[in-house]
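Data block below; observations after.
The values are calculated or read from the model by the stated rules, or taken from the named source; none is laboratory data. Predicted, not measured: the structure shown is a model, and the values here were computed from it. Cβ sites come from the backbone with ideal geometry, for glycine too, and all protein chains shown count toward neighbours.
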Amino acid sequence: MSKLYFPLLCFLFLIGLFACESEKTDSNSAVKTWELAPSGEKIEIELDSTTANVSVVMEYYDDGESPLFFNVNWDKNSLQIYDVKDHKLEKELLFEQEGPNGVRVGFVHIHNLDSIFLFPEWSKEMVLIDSSGEIKNRIKYELPETVSAVFLHNTYYVSPPMIADGKLIAKTRGVKRPTEYTQLDLDEFPILVSIDLKSGDVNPLPYRFPNNYLIQGKKMLEKSIIAEPERLIISFIGDHSLYFSDGERMAKKEAASSFLEPSLPLLSEYADGREFAEYAFTKSRYADLINDPYRKLYYRFAYPTIEIDSDEQLRELRENPGPFVIMVFDENLDLLTEKKFEAGKYMPTNSFVGEKGLYISINNPENPENKEDWMSFELIELVEK
């Protein structure tokens, strides 16, 4: 046997070994790609004849044992509590509107079953109840003169309050029309306040609009905020970026949707009601930002520009939104995927996150699966391609 044969054999073996290891490394380090996929799996809840199947005020609550679905019936001034697994009403809390025990049920936040916060609309009072309906406390507060209300709508630019250290952190609304604001006004406007749950004392927090938000012109001022113990994440209606803070300093992350126009729309200085409506229902814009704590994800809803030909079409969009986009971000706010959903099947304003993923209402009036006496939500899964 040649003296060169054995060393050569070893050399070829080592090359093959390294090649195999390289292939393994490349395979393990390959970037995963994701997509959103309707699963066909549904959560359905049976309703009575007085409850609409599209909600204005709703919240999904999961304490790890038996998920509950809370819904407000404004016509009855009631808070309904549904058992998700049994698909039916567990109890309904009816409140008097007037008198010493009167409560106007507006928006709601379920901190836990012993601490349920009711926020009467445009009121400077919050009411603390438990799941039996007992009123445990009424907390009155005064807001800074530039703030008209805390705005904790459950289905419109959703921004759940955060409760920490005996204080409630809440999103605010201003006192002016959007077109009356200057950038200087926004630089001074607190988008969040802290309310002491014992004294009612209010402190503006040091978070503001981006310092160039109005650099191109007037815009609507809605925002959706996720307040977490370790940071804030903010999505503005008229800004492609996401903003975040792990302290008092704000930073931004580029987060544009490919389905929206690169230059987002502006309002004229003297915009009338129709122009506001066109902006809110037909123009490129961002909407809800929703936290998924189960998977450490964030879902950002957006709406691409659509063309309309009549006032009637514009009015219809109030009840039946056009196509929409869902963007999915990881915990570092890196975009994993986005998907456009066509009009006519879903009601994107009625969405929540459960253990399995994101659920969206299918109670669109054009959807043949829409059942008048049921709230129905389809699971939209994030799956690996």
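Ser284 meets the conditions (1) touching an Asp or Glu at 6+ places or on another chain (Cβ under 6 Å); (2) farther than 15 Å from Pro323 by Cα in every case but one. The failed one is (2). The set of residues in the stretch 373-385 that are part of a strand (DSSP E or B), in contact with a Ser or Thr (Cβ under 6 Å, 6 or more places away or on another chain) and of a type outside the set (Asp, Glu) comprises Phe377, Leu379.
Residue-level check: of (1) at pLDDT 95 or above; (2) more than 21 Å from Pro210 (Cβ to Cβ), Gly238 misses just (2). Residues of the stretch 212-230 that are at pLDDT below 95 and either more than 30 Å from Asp165 (Cα to Cα) or surrounded by fewer than 12 Cβ atoms within 10 Å (Cβ to Cβ) (or both): Pro229, Glu230.
Listed by first and then second residue, the pairs linking a residue in the stretch 205-223 that is of a type in the set (Gly, Ala, Ser) to a residue that is surrounded by 12 or more Cβ atoms within 10 Å (Cβ to Cβ), with Cβ atoms under 8 Å apart and 6 or more places separating them unless they lie on different chains, are Gly217/Leu266; Gly217/Leu267. Pairing each residue of the stretch 131-143 that is surrounded by 17 or more Cβ atoms within 10 Å (Cβ to Cβ) with any residue that is acidic (Asp, Glu) and in a strand (DSSP E or B), provided the two are 6+ apart or on different chains, yields C-beta distances under 8 Å for Ile139/Glu125; Tyr141/Glu125.
Residues considered: Leu152, Leu94. Of these, the only one that is closer than 23 Å to Ser351 by Cβ and aliphatic (A, V, I, L, M) is Leu152. The set of residues in the stretch 144-162 that are assigned to a loop (DSSP other than H, G, I, E, B), more than 17 Å from the chain's Cα centre (by Cα) and free of Cβ contacts under 8 Å to residues at least 60 places away in the same chain comprises Glu145, Thr146.
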